[in-house]
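Computed from the coordinates by the stated procedures, all read-outs in this text should not be read as laboratory data. Here the structure is a predicted model, which is why all the values come from computation and not from measurement. Ideal geometry is used to build each Cβ from the backbone, glycine not excepted, and the neighbour counts take in all protein chains shown.
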Amino acid sequence: MARTGNRNIQAKLVLLGDMGTGKTSLVLRFVKGQFFDYQESTIGAAFFTQILSLNEATVKFDIWDTAGQERYHSLAPMYYRGAAAAVIVYDITSMDSFGRAKKWVEELQRQGNPNMVMVLVGNKADLEATRKVVTEEGEQYAKENGMFFMESSAKTAQNVNEIFYEIAKRLAKASPSRPTGMKLHNGTQEGGRRLFCCSG
Amino acid sequence: MERKRTDEFEPGPVPPARPVDRFGFVKQEENNPSQGSIKSRFVNEQEREERRIRKWRKMIGVGGSDWKHYVRRKPHVVLRRIRKGIPDCLRGLVWQLISGSRDLLLMNPGVYEQLVIYETSASELDIIRDISRTFPSHVFFQQRHGPGQRSLYNVLKAYSVYDRDVGYVQGMGFLAGLLLLYMSEEDAFWLLVALLKGAVHAPMEGLYLVGLPLVQQYLFQFEQLVREHLPKLGEHFTQEMINPSMYASQWFITVFSYSFPFHLALRIWDVFLYEGVIIVFQVGLALLKYCHDDLIKLPFEKLIHALRNFPEDAMNPDVLLPMAHSIKVSKLLEELKQEYKKKNEKPIQRAESSASKVTQKQLSARSPAFEESTQPAERSWKQTRLLSRNSRKSRSGRC
Ligand SMILES: Nc1nc2c(ncn2[C@@H]2O[C@H](COP(=O)(O)OP(=O)(O)OP(=O)(O)O)[C@@H](O)[C@H]2O)c(=O)[nH]1
Ligand SMILES: [Mg+2]
């Protein structure tokens, strides 16, 4: 599957963000190329996998899509603990969801893995007419916090693959080229499995 | 943003008619195999069903008048029949009888209208955002601002006012949605109250309170039960770092009404309302047991996938439920509860203050507004009729 001389990287990725911002829709677009106007709310969390091949490496994502409502907060740590990447999603038509995204960023900075690749995503970019969060605001906040930023639409597929490609690239860059069979667990009991595991 | 009240909305267009299954869910492309076999055995099945309904009717009496008497006289017969499945056309009525919600309704005339019409709740926006995302493939809930979505909104909003500590939590919509397919709004509301406040069994509200204390407790208990009953699989889970929260939290939060085949969910609910949450543990264990030999070979990713997509044959209620009942858990469950409580003395106090059974007094104490309006105004009576016009019929059964 991997191209010659390539490394295989397995990375745990978590999606966080307010309810209804489009986390599940982004993943479904990326993994299955589907979109539903009425996507069922996520209860607890959902799990997906997807493989991306770059020139320099093949990245296999283990994706945890969490439930967005504040009340489910207590379940989130087990999904972001040990994650190699986090996608924090807000809805460009909701200022509240942007505020919530900032809270997630702060929490990850406090509690998350310090090398985590963090991405801020302003989703529903197709809803320009009802936009509440201007692009620059998201961009600025991401920059200040050393995150990668993108506006996307799960509905039109705009920038969806790009988000995951960019994450894959950063992971490939960050993950040390190690000899075959090398695995890096970070050893946390819950959810801390397989931060990266590389085989040559 | 969206406006607040659903009743300001004109209903959206009625979605085009598409083939639905016998419960009203829009069919997936591939034909459900169990559906085919149902057809071939149709005639036989129908006769059996009719006999069953007659027995049930006798047991219930007119509008439920004989029910309590029958339960007292022949509890084992009732239990056996419920485990075999309540006839679909009597489900709504029987659910209200066994959950204790009927009594609540009768004790609290007018309260529901009050909650729906006059009170406002901080959760309204959250509820609206989720309305079209609850059973989106069911015809009753598909039409935007149609009768299904309106009743769903009303029930959830009423509950969020009635218990402001719980408010609205994602997942409750699936409970309410399931109930609304079998009863009126007001009946569904009181059944929700009966469950969350614990009219008959331990209150469920801890599943939805801040910190989800009861979810945490159930997951702890479930994990230990797996170790006890399926030690090899328990060990495999540990090795693969599978935590029950990764697959079982929605089993508890929605009592299998989310992402499980509907015909199975209904059968589980029949038992759940009569026997309590123990059946959720038992069905969970039975699913694992049924797939044990496959699960035990799978690595992490495949395991997670398998735990969220059980094969069709595992979800046949006539196989799964007998298996579930055969797994004895009650004693260990209680011990584990004590053990968990000891470990977490503080955080779960409210969730399991198990004496919090509902009484008339408690109900009216919650919302002072009720005390003023003892005689329901004519206007509100009319509005209530409007709100629940589609489902009165379920009161007296549908067959
Ligand atoms: N117009 C538009 N709608 C979107 C987009 N992404 C998602 N939606 C819609 O927004 C609603 C919520 O999307 P989900 O993907 O379920 O949101 P979520 O973040 O997973 O929500 P929770 O599971 O509740 O946390 C759905 O009805 C989607 O159809 C988008 O890019 N554009
Ligand atoms: Mg979701």
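Work through the residues other than A:Val117 whose Cβ is under 13 Å from its Cβ and net out their charges, Lys, Arg +1 and Asp, Glu -1. Provide the component values of the computation, followed by the final result.
Values: positive: A:Lys12, A:Lys169, A:Arg170, A:Lys173; negative: A:Glu166.
Overall, the nearby charge balance is +3.
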Q.
I want to check the label-to-label distance for B:Glu301 and B:Arg164. Put each point 7 Å from Cα in the C-beta direction and report it in nm to one decimal.
A. 4.9
Q | Cα→Cβ-extended label distance, 7 Å offset, between B:Asp294 and B:Leu125, nm | A | 4.4
**Q.** For region A:6-117, diffusion coefficient by Stokes-Einstein and Kirkwood Rh (Cα), 37 °C, 0.692 mPa s, µm²/s
**A.** 226
(Q) With the cut-off at 1.5 for a/c, could you classify region B:101-200 from its C-alpha gyration tensor as rounded, prolate or oblate? (A) prolate
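With Cβ to Cβ distances under 14 Å as the rule, what net charge do the other residues near B:Trp251 carry (K, R +1; D, E -1)? Walk me through the numbers on the way to the answer.
On the way: positive: B:Arg308; negative: B:Glu223.
Charge balance in the 14 Å sphere: 0.
For a footprinting-style exposure proxy, rank B:Leu152, A:Leu75, B:Leu106, B:Leu79 by other Cβ within 10 Å, fewest first. Walk me through the numbers before you get to the answer.
On the way: B:Leu152 26, A:Leu75 21, B:Leu106 9, B:Leu79 15.
Result, fewest neighbours first: B:Leu106, B:Leu79, A:Leu75, B:Leu152.
How would chain A be classified by its alpha-carbon gyration tensor: rounded, prolate or oblate, with rounded meaning a/c under 1.5 and the a/b versus b/c comparison settling the rest?
Details: a/c = 1.71, a/b = 1.48, b/c = 1.15.
Here chain A falls in the prolate category.
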Q. Within region B:287-307, whose backbone N sits under 11 Å from a point 7 Å along Cα→Cβ of B:Glu240?
A. B:292-307
